[in-house]
Protein chains: 2
Amino acid sequence: MSVPRPNPLLSDRDVDFQLYEALDTTALCALPAFQEHSRDTFALLLDSTRRFAREVLAPTYRPMDAAPPVFEHGRVRVHPAMRSLYAGMVDLGLLTATRPPEVGGQQLPLTVHAVASAYLMAANLSAYGYLGLTLGAAHLLEVFGTRFLRDTFMARLYRGEWTGTMALTEPQAGSSLADVKTRATPAPDGSYRLQGSKIFISGGDQDFTDNVVHLTLARIEGAEGGTRGVSLFAVPAKRPEGDTLVPNDVQVAGVIHKIGWRGLPSLVLNFGEANDCHGWLVGQPGRGLACMFQMMNEARIMVGLNAVSTAAVAYQESLAYARERPQGRPAGIRDTTRAQSPIIEHADVRRMLLRQKAIVEGGLALLLTTSTQADLANHAPDEATRKRAHLLLDLLTPIAKTFPAERGFESNALALQIHGGYGYSSEYLPEAWLRDQKLNSIHEGTTGIQGLDLLGRKAVAEGGAALQALDEEVRATTARAHAAGVEPAWSDALEDALQQATALTLELGARGMAGEVDVMLRHSTDFLELFSVVAVAWRWLAQAAAAKEGLARTTNAEDTAFYEGKLAAAQYWFAVEVPRVPLLAHLCRTGEDSYARMRPDWF
Amino acid sequence: MSVPRPNPLLSDRDVDFQLYEALDTTALCALPAFQEHSRDTFALLLDSTRRFAREVLAPTYRPMDAAPPVFEHGRVRVHPAMRSLYAGMVDLGLLTATRPPEVGGQQLPLTVHAVASAYLMAANLSAYGYLGLTLGAAHLLEVFGTRFLRDTFMARLYRGEWTGTMALTEPQAGSSLADVKTRATPAPDGSYRLQGSKIFISGGDQDFTDNVVHLTLARIEGAEGGTRGVSLFAVPAKRPEGDTLVPNDVQVAGVIHKIGWRGLPSLVLNFGEANDCHGWLVGQPGRGLACMFQMMNEARIMVGLNAVSTAAVAYQESLAYARERPQGRPAGIRDTTRAQSPIIEHADVRRMLLRQKAIVEGGLALLLTTSTQADLANHAPDEATRKRAHLLLDLLTPIAKTFPAERGFESNALALQIHGGYGYSSEYLPEAWLRDQKLNSIHEGTTGIQGLDLLGRKAVAEGGAALQALDEEVRATTARAHAAGVEPAWSDALEDALQQATALTLELGARGMAGEVDVMLRHSTDFLELFSVVAVAWRWLAQAAAAKEGLARTTNAEDTAFYEGKLAAAQYWFAVEVPRVPLLAHLCRTGEDSYARMRPDWF
């Protein structure tokens, strides 16, 4: 019953618009780090990745979803397609695209890498997962590893010969990394022996490369409790001894049957059952979480990208479906001798499509801006710019992680809804993308944790310096929008909303300083939602400005249609979402206490 | 890894509160139709159903989800447990509980039947599905069938010997019943020969009873186009000839692989491939949709109940999990030598639980009120009361169908989220309930269709008479709340919100009369959302009043905790949801045109 049709995954027109019209990504090439690059070199990566995503990766999505990894005789066997898919992704240069030439990379902006990756994620989230995890592990070793670790582990990870994982979570600890119990005992050779159990280890075993390196949190014997006693270790599944690899006492203890990302195994791993699990310290003892958190922004941007991409591919599918599926006639037409109309003619279907567009393209814009701040934070030549970019990056990251995860799930549900009864069947793909999406509000810090991070740390950091920087950015955007002739009420609404958000932050920060931390943080999830609405409004205003500029320039009908669509989506966001800001602010400000005072036995 | 624990499905304390404290369900026994009944006879049905749901039905949920029906040799084989499960549900008397003694029933109020059914739905939605469909088909035959159809088909359906279906949807028509194409040709014996194809026929075949009767929409040869040419037929899978059943040329052409309700097959059926498919007219020719729509309110209430029940069982599970799962410590506590706290101690987890409670118990309250109006509409002795109740029933039905479906999906997602990574695995049940839930916004009229129904028909019917009746009901509730000492601001907010809704309805109705039907209906989904918030606020105010009355009465600590929880949930609704009403009204009133003017090629 399935009606296969080519799915663009993401709109190329939109991606180019976002990179080169709404943003000015080529401006990054003025930085010394990126001086070898240009729109042409960006295009080399983008074009090859897009083609691979569409032609090679996308067709493997359903087969991998339908045949998840198998756990047999202590080993995990993943989908056989993964061997060539992984090699293909490595060949695209994506493992090292943002890394410097010293480690074999091209030193491209993260912004460009992000948007290229988005195509792979949209095509096959699980397949990309192996690459993303490997990249994160290798990057940790690049920054914090000893020469031995860099030469032995990092190099092979970056070359695609091995894969990597993040082994943080334990069954008894979940999100609470302060409660990690895995132990590391110093050995005479300078390495450590690890013992403990980890859970939800994505890509924790596979059979398409020779080895897997687990970046593992553990406590050195005698270390203090809490987060400061936690260190980071590189623990390979097989350890190098001379020229061979020998088993390193890492056992797969079980496979978790995930409801999505079904091409990527999620495992329970036991370290050191035979007390022969060798690990190597990464960074300083007791600095394990600090090391992880240095990478956290990029990891969370990656989750946000996963979410945007999963929402994007479903949006594209439901858009194509709505254009070709005839059913009924628009409101007011009762003549049933008239042929049925494509469902895109129904106002409510267009509502569902425009809401998806607003979420997907607004989310992508947010992620690209955040990535650009990461590029500046890493590579701006002057420290003041780096510092300012870092503040913005820190502020935007929990939003860029959460907004696409939460609203993306809603967006994916709308894509399913547009397909009606067909959407409810596994003959069509929207249900699979909906399943994939649900993980993004859970992994790399749940939505609740992101809210605490935003309000408790990022927004109040350095006396609100990040908000000050955001205010400057927003004013630059409203000035641009004004010059381009964008509806002035939108700019006013955005400035007003940001002012409300800033005033609210100061107020809540003061309550925290006064010892009322629980009141301050009570509505941190609402606070995060509020900031998400504002941040996405900012990115929609920038897109509206670019669209107006484009309309003034173009005589091409297709371009005109594209820009008009951008303006309609911006209008939607300002009409439907921005007016929610005062309500959310009111909840945060008053500390509305319904669930705070709700005792566990009252439910 | 699964942690099985008894799940109460629904809270008995809450159900009793809803029936006998928030509502006065025993008052229905004053009606002649229910004069044989009392709280005791209600309890007989409720207690036996609850026990069956918990002890027999719930344990079959996961096995049936894991082993969906198989299509082989032209027949569907369902889970083997269904034979005894179906017999068990029939033995509870649920097929005929609301029907009069003439057809073997007890003539209980629908309100009581609804809440009893909710336990079965919460335990195993698919298993209940066979019963619900059979009940609907039998009821249609009872009301519109000839003596032959009642004696032959209806009686066997009500006795549980056969099952029934609703065969409405066709592949090319979906929601657009005006475009039904199945043909019915008169035969000399007074019956008809049917030819056509139907899709998404739930329970369209099974192997645990001898026969299935399809209540089928088709067009008598020569009938006019559109809805007025559609008639209703009873089409059995096997037709009675003398003392035997012979195949009736109904072919199962395919099974749809649904993502939820996996114990209940959804089929493609072909009628009359060999031109030997006999059907019998039900009701008048050309009145097929009218017949169906007479049953539609009850069918849609059933969908709302499905949705509430599916949200309820997940809420109960996540509540139990949050009480027992230790992880981290509440905001402000940094002492990691302190044992980890149950996650219910975290404010954001309590937010997710209270939001679920507000949706689940608010939704159940709405469904029971709506059912009570159905009881009055069917059985009040005087016509004025019946008519008023019918208006209210019509008004409330699209809300009672949609609110639990849409917000219930959100609620189910929160239940999964509370389980963290475990929630994302199929070792735990929240993911299965989330899948089940998604159908409820699609079947029996999508959310978009319910919005059109509410604004285009129900709210504006008879010059707004239904809104007038709702206003009287709301004022009775605010008076009760006032007397009980409920926070007066809530009553004021509710009255104000309803006034806004009423004024908006009149305004939009006037635009429709002026020929601007598209503008009137543009935001009908927002209009439905607005009315949902108001209707649920009404039911939360009634619950708050009952809770205050209870608090004044009780000295029992458990009761006190229960009532305090009700007040906190009511507070939540008035603080978080009711303030959205002006925003939604503004969208509807201004006819915000972002998606209306969005052309198909602008996306």
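The values are calculated or read from the model by the stated rules, or taken from the named source; none is laboratory data. The structure presented is a predicted model; accordingly, all values stated were derived computationally and were not measured. Virtual Cβ from ideal backbone geometry, glycine too; neighbours counted across all protein chains shown.
Remarks
- Of A:17, A:71, all but one fail to be in contact with a helix residue (DSSP H, G or I) (Cβ under 9 Å, 6 or more places away or on another chain), within 27 Å of residue A:436 (Cβ to Cβ) and within 14 Å of chain B (Cβ to nearest Cβ); the exception is A:17.
- Test set (1) in a helix (DSSP H, G or I); (2) free of Cβ contacts under 8 Å to residues at least 40 places away in the same chain - residue B:170 fails condition number: (1)
- Residues that are of a type in the set (S, T, N, Q) and under 20 Å from residue B:14 (Cβ atoms) within segment B:545-590 comprise B:554, B:556, B:560, B:571, listed in sequence order.
- Any hit, segment A:531-546, residues being hydrophobic (A, V, I, L, M, F, W, C), at the interface with chain B (Cβ under 10 Å from one of its Cβ atoms) and touching an Asp or Glu at 6+ places or on another chain (Cβ under 6 Å): no
- Checked against the criterion of being part of a loop (DSSP other than H, G, I, E, B) and either more than 30 Å from residue B:12 (Cα to Cα) or at pLDDT below 95 (or both), the candidates B:492, B:593 yield just one match: B:593.
- Number of residues in segment B:169-200 that are buried (at least 24 other Cβ atoms within 10 Å of the Cβ) and of a type in the set (A, V, I, L, M) equals 3.
- When residue A:603 is tested against the conditions (1) in contact with a Gly (Cβ under 7 Å, 6 or more places away or on another chain); (2) farther than 25 Å from residue B:315 by Cβ; (3) free of Cβ contacts under 8 Å to residues at least 12 places away in the same chain, the lone failure is (2).
- Restricting segment A:208-248 to residues that are farther than 23 Å from residue A:77 by Cα and in contact with a Cys (Cβ under 9 Å, 6 or more places away or on another chain), the residue that is surrounded by the fewest Cβ atoms within 10 Å (Cβ to Cβ): A:231
- Residue check for residue A:360: under 17 Å from the mean Cα position of the chain (by Cα) and within 12 Å of chain B (Cβ to nearest Cβ): yes
- Of the residues in segment B:303-322, at least one is outside the structural domain of residue B:137 (by TED's automatic domain parsing) and surrounded by fewer than 18 Cβ atoms within 10 Å (Cβ to Cβ).
- Inspection of segment A:274-290 finds a residue satisfying the criterion of being assigned to a helix (DSSP H, G or I) and touching a residue at least 12 places away in the same chain (Cβ under 8 Å).
- Residue check for residue B:352: part of a helix (DSSP H, G or I) and buried (at least 22 other Cβ atoms within 10 Å of the Cβ): yes
- If the condition is being surrounded by fewer than 12 Cβ atoms within 10 Å (Cβ to Cβ) and within 26 Å of residue A:556 (Cα to Cα), then segment A:1-26 contributes A:6, A:24.
- Segment A:84-115: number of residues that are of a type in the set (S, T, N, Q) and in a helix (DSSP H, G or I): 2
- Complete set of residues in segment B:432-460 that are in a helix (DSSP H, G or I), surrounded by fewer than 24 Cβ atoms within 10 Å (Cβ to Cβ) and either modelled with pLDDT under 95 or not small (Gly, Ala, Ser) (or both): B:435, B:447, B:449, B:452, B:453, B:457, B:458
- Lone unmet requirement of (1) more than 10 Å from chain B (Cβ to nearest Cβ); (2) in contact with a strand residue (DSSP E or B) (Cβ under 8 Å, 6 or more places away or on another chain); (3) not hydrophobic (A, V, I, L, M, F, W, C) for residue A:559: (2)
- For segment B:15-36, the set of residues classified as under 24 Å from residue B:122 (Cβ atoms) and touching a residue at least 40 places away in the same chain (Cβ under 8 Å) consists of B:15, B:17, B:18, B:19, B:21, B:22, B:23, B:25, B:28, listed by residue number.
- Residue ID - farthest from the other protein chains (Cβ to nearest Cβ), chosen from residues in segment A:577-603 that are small (Gly, Ala, Ser) and crowded, with 18+ Cβ neighbours inside 10 Å: A:585
- Check on residue B:253, surrounded by fewer than 18 Cβ atoms within 10 Å (Cβ to Cβ), assigned to a strand (DSSP E or B) and either at pLDDT 95 or above or of a type in the set (A, V, I, L, M, F, W, C) (or both): yes
- Residue pairs meeting the criteria (Cβ under 8 Å; at least 6 apart or on separate chains; first more than 17 Å from residue B:366 (Cβ to Cβ), in segment B:105-122; second of a type in the set (Lys, Arg) and in a helix (DSSP H, G or I)): B:116/B:50; B:119/B:50; B:119/B:54
- Test: residue in segment A:74-90 that is on the phi > 0 side of the Ramachandran plot and surrounded by fewer than 14 Cβ atoms within 10 Å (Cβ to Cβ): yes
- Pairs meeting the criteria (first residue in segment A:330-346 and basic (Lys, Arg), second residue surrounded by 10 or more Cβ atoms within 10 Å (Cβ to Cβ), beta carbons under 6 Å, at least 6 apart or on different chains) are lacking.
- With a requirement of 2 or more residues that are out of contact with any Lys or Arg (no Cβ under 8 Å at 6 or more places or on another chain), the strands (runs of 3 or more DSSP E) lying completely within segment A:177-230 that satisfy it span A:192-202, A:212-220.
- Given (1) in a helix (DSSP H, G or I); (2) modelled with pLDDT of 95 or more, number of the condition residue B:486 does not satisfy: (1)
- Counting only residues that are among the charged types (D, E, K, R) and away from chain A (no Cβ under 14 Å), segment B:159-212 holds 8 of them.
- Selection status of residue B:34, crowded, with 20+ Cβ neighbours inside 10 Å and away from every other protein chain (no Cβ under 14 Å): yes
A quick yes/no check of all residues on (1) among the hydroxyl-bearing types (Ser, Thr, Tyr); (2) out of contact with any Cys (no Cβ under 9 Å at 6 or more places or on another chain); (3) on the phi > 0 side of the Ramachandran plot; (4) more than 8 Å from chain A (Cβ to nearest Cβ):
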| site | (1), (2), (3), (4) |
| --- | --- |
| B:424 | yes, yes, no, no |
| B:430 | no, yes, no, yes |
| B:443 | no, yes, no, no |
| B:452 | no, yes, no, no |
| B:455 | no, no, no, yes |
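- Among the residues listed as A:397, A:336, the single one being of a type in the set (Ser, Thr, Tyr) and in a helix (DSSP H, G or I): A:397
Table: residues versus (1) over 22 Å from residue A:403 (Cα atoms); (2) out of contact with any Phe, Trp or Tyr (no Cβ under 8 Å at 6 or more places or on another chain); (3) away from chain B (no Cβ under 14 Å).
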residue: A:483; (1), (2), (3): yes, yes, yes
residue: A:495; (1), (2), (3): no, yes, yes
residue: A:498; (1), (2), (3): no, no, yes
residue: A:510; (1), (2), (3): yes, yes, yes
residue: A:513; (1), (2), (3): yes, yes, no
residue: A:528; (1), (2), (3): no, yes, no
